Each structure stands twice: as structure tokens, then as C-alpha cells.
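Novice: Following this message is one structure expressed as C-alpha cells.
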Amino acid sequence: MSTHTNTRPDANRADQTKDAALGTPGQASTTPAAFIALEEEHAAHNYHPLPVVVATGDGAWVTDVDGKRYLDCLAAYSAVNFGHSNPVLLDAARAQLGRITLTSRAFHNDQLGPFVTALAELAHKDMVLPMNTGAEAVESGIKVARAWGYRVKGVAPDQANIIVAGGNFHGRTTTIISFSDDESARAGFGPFTPGFRTVPFGDAEALEAAIDENTVAVLLEPIQGEAGIVVPPAGYLPAVREITTRRNVLFIADEIQSGLGRTGATFACDLVGVVPDLYLLGKALGGGIVPVSAVVGNRDVLGVLHPGEHGSTFGGNPLAAAVGSAVVRMLATGEYQERARVLGAHLHEALNGLVGRGVVAVRGAGLWAGIDIDPSLASGRAVCEALMVRGVLAKDTHGSTIRLAPPLCVSEADLDWAVAQLATVLDEFAAA
């Protein structure tokens with residue numbers, strides 16, 4: 001008989017961590033610390049989550065492993081716009097799970113056609129390129145814009161450039177971080193992809209000055225989410241639309257966070273009467289159940305792609321298409337857009353009442369708010385940690401800003417309670 005010796009330096013620590021979480025056979029530990037310990041030991045440390053372990057969700061509320069309930073004021077960065085465990089979306093997913101979930105695009109399936117037709121109609125466009133994640137939608141939009149530039153506009157090979165805005169967040173793939181100015185996403189990941197020019201967000205004159213004969217697109221978030229829910233001047237997006245049309249450049253709107261009801265309209269561009277050449281969609285398109293994203297545009301742009309030039313094994317799969325179709329049907333009624341508009345106005349009025357009481361400024365649209373905390377009072381992270389203790393889940397960004405984006409099914413009473421918790425937290429920091 002041979003004896004095996006585990007020589008890994010961290011073997012004992014790993015085994016102890018696993019024992020703490022799993023306990024003895026038949027007695028698994030379910031404490032938050034145990035679950036967090038397992039994650040810390042074996043999941044890559046690319047996130048720094050709040051120390052809450054969510055187990056279930058219903059509507060705008062989630063419950064942790066200890067049974068404590070929290071009002072979810074992040075909604076997975078708008079991916080859960082329609083609430084946790086939405087019965088309509090769960091029914092659509094369950095029905096499709098019992099039929100077929102994946103074929104790849106090597107074959108047709110009976111869910112994709114109805115989905116892309118409905119989504120195209122919702123956006124008043126001709127065609128849809130289905131993908132999975134938001135970052136994939138952005139990468140796909142970049143490829144489409146370059147192909148359009150070479151095949152339609154006549155840009156010389158490998159010379160295309162795309163204009164982007166400072167403070168942008170479009171994802172964390174290598175190409176996307178190449179035009180990010182967030183050093184936490186960029187530092188240590190070069191060399192970077194060329195072909196992008198950055199101008200200040202909200203400055204239409206700077207944008208036009210950056211355009212040359214090789215510019216194929218302008219890629220913008222109508223409202224910058226990760227930057228702190230930054231809303232541009234009212235005339236900015238209309239000016240971008242006029243400039244891009246006049247200069248024969250595509251206007252690509254990244255509506256992955258801002259779209260599909262979040263701002264009180266189907267798309268944030270609708271708020272100022274602007275229609276881009278391409279919409280980039282994701283997050284809420286999958287209803288918080290499966291990753292679904294899409295590039296949506298007209299045939300004269302999306303039609304530049306040929307078979308074999310772009311694809312994804314899971315893009316357009318039957319399960320995703322079935323859930324996506326249910327999402328589009330819900331949005332087609334206008335109910336969720338109206339809820340976001342009305343409740344959003346109520347939320348912003350309440351939040352503005354905190355300006356001068358630890359809040360420096362409030363921005364946003366619909367049920368989407370960026371709240372600048374007085375940095376001399378507390379960091380955004382500290383405020384979010386204190387809110388968590390009081391039963392509200394929110395997310396910080398850029399030091400002293402917190403973001404609120406509750407599911408669109410949230411109630412007015414829930415919103416009032418959340419603002420009251422924030423007011424109490426701010427008062428506690430001021431007293432300390």
C-alpha cells in the first residue's frame with residue numbers, strides 16, 4: 001500500500017475552509033461566513049462584494065441564508081429590471097427547459113425567429129444580432145461598425161477609428177478596456193487595441209472635432225452608469241445624432257444598463273427623441289434568468305455581416321430567445337416604462353431632499369440614481385455597508401458615489417423606506 005502526501009502549501013488551510021463551510025457529513029454549515037470563506041478560497045478575486053450571502057429573491061426583495069430580507073436597490077445593474085422570480089419570465093423559462101435549450105446556430109430553432117422579430121419591432125429597426133453578454137454586444141457592435149466603414153463608407157483597410165467618451169464603461173474585455181480611462185480595469189492588461197479616440201462626455205464640439213475621414217462610429221452610453229449615473233446636457237445626444245448623420249458616421253448607443261425601461265422609456269435615447277443607428281442591449285433582455293444581449297439596427301448596417309464572420313455558440317439559443325421574447329412582450333405594454341417614470345420622479349424628489357444633509361448631488365433618470373456622498377462624511381463603500389446592515393443593498397462607485405437601481409416592480413412605500421434608511425445612515429455618520 002502506498003501513502004499519498006498532499007504537498008500543496010495551502011492544503012491544510014483549504015481543507016479547513018471547506019470543512020467550515022460543509023461541516024461534517026449530513027451537517028453542512030449554512031452560515032454566511034462559511035459560504036464567503038468557500039468563495040474567497042476558490043473564486044478568483046475579481047470582485048469585492050458586500051458581506052451578504054443571498055439565497056432567494058422575490059420581486060424587489062432578496063433574503064439571505066440567515067433569513068434576513070433586503071430591498072435590492074441594484075437589480076444586478078439593471079439585469080433584474082422585472083424583479084426576482086418574475087412569474088411570467090419563470091414560466092417562459094420552465095416551458096422552454098422542457099423542450100430544448102441549445103442547438104447552436106448551425107441549425108434553426110423555433111424560438112429565435114419570433115424573438116428577433118419582436119425585438120426589432122420594439123426598437124423600430126430591421127435586424128437583430130443575438131449574443132449573450134453586454135460586453136459581447138459591444139464587441140459585436142465594434143466589428144459591425146468597422147465592417148460597415150470598410151464595405152460601405154470606403155475607409156481604407158485597417159484605418160477605421162471609433163470615437164468614445166471619457167468616463168465610459170462598456171465592459172472589461174481587452175478591446176473595451178483599451179478605450180477605458182478606468183485604471184482599475186486597465187492597469188496591467190496591455191498592450192491595448194488601437195483605433196479609438198476619447199473625447200469628453202457631453203461635449204459635442206469636441207466629438208465633431210475628433211471625426212476624420214476614417215471615423216466609422218461614435219459609441220456612447222446615453223447615460224453613463226458606472227461613472228455615477230451621469231446624465232449629459234439635454235441637447236447633447238440630439239447634437240451627436242445630427243453630427244454623425246452629417247458626417248456619415250454611425251451612432252451606436254450602449255443601452256445595456258439604461259435601456260429596456262430603466263429610465264422611464266424603452267430606451268434612454270427616447271427621452272430626447274434620438275434614434276441611433278445601432279442599439280447595444282443586454283442585462284434586462286435576459287430577465288435576470290439567462291444572459292441575453294443583442295445588437296439591433298437596420299439592414300443597411302447589420303446587413304454587412306456575412307456567414308462565418310461572427311458568431312457565438314450560445315447566441316440566439318432557444319432558452320435565451322424564449323425568455324427574451326417574454327421580456328419584449330412585457331415591455332411592449334409600456335407598463336414598466338411608466339412605473340419607472342412615475343416612481344422615478346418620486347424617488348428623485350425624495351433623494352433631493354437629502355442634499356445638504358450629507359448628500360452633495362443627485363443625478364439620474366427614472367428608477368436610476370447616482371448619489372454623491374460628502375466625502376468628508378463617508379466613502380460610498382462605507383455608506384453601502386451601513387445600508388446593508390439596515391436592510392438596503394446598493395453599490396458604490398468612484399469613491400464617494402452610490403447608485404440606486406431597484407427593480408421596476410418596486411413599490412412607492414419601498415422607495416420611501418429606502419430613502420429613510422439612507423437618511424438615518426447619513427445622520428449616524430454625521431453624529432460620529
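The values are calculated or read from the model by the stated rules, or taken from the named source; none is laboratory data. Only a predicted model underlies this, so the values are computations on that prediction, with no experimental measurement involved. For neighbour counting, all protein chains shown are included, and Cβ atoms are generated from backbone atoms with ideal geometry for every residue, glycine included. Protein only, heavy atoms only, side chains kept; ligands, DNA and RNA dropped before computing areas. Shrake-Rupley method; radii C 1.70, N 1.55, O 1.52, S 1.80 Å.
Novice: Looking only at the stretch 374-432, filter to residues that are without any contact (Cβ under 8 Å) to a residue 12 or more places away in the chain and not in a loop (DSSP other than H, G, I, E, B); which one of those is least open to solvent (accessible area, probe 1.4 Å)? Quick ask: steps written out before the conclusion?
Specialist: Residues of the stretch 374-432 that are without any contact (Cβ under 8 Å) to a residue 12 or more places away in the chain, as a first pass: 376, 389, 413, 420, 431-432.
Narrowing further to those that are not in a loop (DSSP other than H, G, I, E, B): 389, 413, 420, 431.
Working: Val389: 98, Ala413: 70, Ala420: 45, Ala431: 91 Å².
Only one residue fits best here, namely Ala420.
Novice: Let me ask another. It is to be established whether one or more residues within the stretch 94-101 are surrounded by 15 or more Cβ atoms within 10 Å (Cβ to Cβ), at pLDDT 95 or above and within 30 Å of Ala55 (Cβ to Cβ). Even if it seems obvious, please write down each step before you answer.
Specialist: If we filter the stretch 94-101 for residues that are surrounded by 15 or more Cβ atoms within 10 Å (Cβ to Cβ), which is where we start, we get 96, 101.
Of the ones still in play, those that are also at pLDDT 95 or above are 96, 101.
Those still in the list that are within 30 Å of Ala55 (Cβ to Cβ) too: 96, 101.
Within the stretch 94-101, one or more residues are surrounded by 15 or more Cβ atoms within 10 Å (Cβ to Cβ), at pLDDT 95 or above and within 30 Å of Ala55 (Cβ to Cβ).
Novice: Residue check, Ser184 against (1) open to solvent by 20 Å² or more (accessible area, probe 1.4 Å); (2) modelled with pLDDT of 95 or more; (3) not charged (D, E, K, R), all met but one. Which one?
Specialist: Among (1) open to solvent by 20 Å² or more (accessible area, probe 1.4 Å); (2) modelled with pLDDT of 95 or more; (3) not charged (D, E, K, R), the lone unmet condition for Ser184 is (2).
Novice: Just to be sure before I move on: is Arg262 among the basic types (Lys, Arg) and surrounded by fewer than 24 Cβ atoms within 10 Å (Cβ to Cβ) in the structure I sent? Even if it seems obvious, please write down each step before you answer.
Specialist: Details: among the basic types (Lys, Arg): yes; surrounded by fewer than 24 Cβ atoms within 10 Å (Cβ to Cβ): no.
Answer is no for this residue.
Novice: I'm trying to understand the selection: among the residues of the stretch 159-185, which are over 13 Å from Ile142 (Cα atoms), of a type outside the set (A, V, I, L, M, F, W, C) and assigned to a loop (DSSP other than H, G, I, E, B)?
Specialist: Gln159, Gly166, Gly167, Asn168, Arg172, Ser180, Asp181, Asp182 - these are the residues of the stretch 159-185 that are over 13 Å from Ile142 (Cα atoms), of a type outside the set (A, V, I, L, M, F, W, C) and assigned to a loop (DSSP other than H, G, I, E, B).
Novice: Also, I was wondering about something else. Just checking, which of Arg329, Arg339 is in contact with a helix residue (DSSP H, G or I) (Cβ under 8 Å, 6 or more places away or on another chain) and in a helix (DSSP H, G or I)? Working first, answer last.
Specialist: Details: Arg339 fails: in contact with a helix residue (DSSP H, G or I) (Cβ under 8 Å, 6 or more places away or on another chain).
Of the residues listed, the single one that is in contact with a helix residue (DSSP H, G or I) (Cβ under 8 Å, 6 or more places away or on another chain) and in a helix (DSSP H, G or I) is Arg329.
Novice: Pairs, please: C-beta under 7 Å, at least 6 apart or cross-chain, first residue touching a residue at least 12 places away in the same chain (Cβ under 8 Å) and open to solvent by less than 40 Å² (accessible area, probe 1.4 Å) and in the stretch 267-278, second of a type in the set (Ser, Thr, Tyr) and assigned to a loop (DSSP other than H, G, I, E, B)?
Specialist: Ala268/Ser258
Novice: Condition (residue is modelled with pLDDT of 95 or more, open to solvent by 50 Å² or more (accessible area, probe 1.4 Å) and part of a loop (DSSP other than H, G, I, E, B)) applied to the stretch 134-150: is it met by at least one residue?
Specialist: no
Novice: Go through the stretch 56-107 and report how many residues are among the small types (Gly, Ala, Ser) and assigned to a loop (DSSP other than H, G, I, E, B). Full working, then the answer.
Specialist: So in the stretch 56-107, the residues among the small types (Gly, Ala, Ser) come out as 57, 59-60, 67, 75-76, 78-79, 83, 85, 92-93, 95, 98, 104, 106.
Next, from what is left, pick out any that are assigned to a loop (DSSP other than H, G, I, E, B): 60, 67, 79, 83, 85, 98, 104, 106.
Within the stretch 56-107, residues that are among the small types (Gly, Ala, Ser) and assigned to a loop (DSSP other than H, G, I, E, B) number 8.
Novice: Scan the stretch 118-130 for residues that are open to solvent by less than 70 Å² (accessible area, probe 1.4 Å) and either of a type in the set (Ser, Thr, Tyr) or assigned to a loop (DSSP other than H, G, I, E, B) (or both) and jot them down.
Specialist: Taking the stretch 118-130 as the starting set, the residues that turn out to be open to solvent by less than 70 Å² (accessible area, probe 1.4 Å) are 118-120, 122-123, 125, 127-130.
Across the stretch 118-130, the qualifying residue is only Lys125.
Novice: While we're here: Against the condition among the basic types (Lys, Arg) and either under 26 Å from the mean Cα position of the chain (by Cα) or open to solvent by less than 10 Å² (accessible area, probe 1.4 Å) (or both), how does Arg172 come out, does it pass? So that I can check it myself, show each step before the final result.
Specialist: Working: among the basic types (Lys, Arg): yes; either under 26 Å from the mean Cα position of the chain (by Cα) or open to solvent by less than 10 Å² (accessible area, probe 1.4 Å) (or both): yes.
The answer is yes for Arg172.
Novice: Which of the following residues is at pLDDT 50 or above, open to solvent by 50 Å² or more (accessible area, probe 1.4 Å), part of a loop (DSSP other than H, G, I, E, B) and of a type outside the set (Asp, Glu): Asn46, Asn6?
Specialist: Numbers: Asn6 fails: at pLDDT 50 or above.
Result: Asn46 is the single residue among Asn46, Asn6 that is at pLDDT 50 or above, open to solvent by 50 Å² or more (accessible area, probe 1.4 Å), part of a loop (DSSP other than H, G, I, E, B) and of a type outside the set (Asp, Glu).
Novice: Within the stretch 188-204, is there a residue that is closer than 19 Å to Val295 by Cβ, at pLDDT 95 or above and either open to solvent by 50 Å² or more (accessible area, probe 1.4 Å) or assigned to a loop (DSSP other than H, G, I, E, B) (or both)?
Specialist: As a first pass, look at the stretch 188-204 and keep what is closer than 19 Å to Val295 by Cβ: 193, 195-196.
If we keep only those that are at pLDDT 95 or above as well, we get 193, 195-196.
After this cut, where a residue has to be either open to solvent by 50 Å² or more (accessible area, probe 1.4 Å) or assigned to a loop (DSSP other than H, G, I, E, B) (or both) as well, the list is 193, 195.
Yes, the stretch 188-204 has at least one match.
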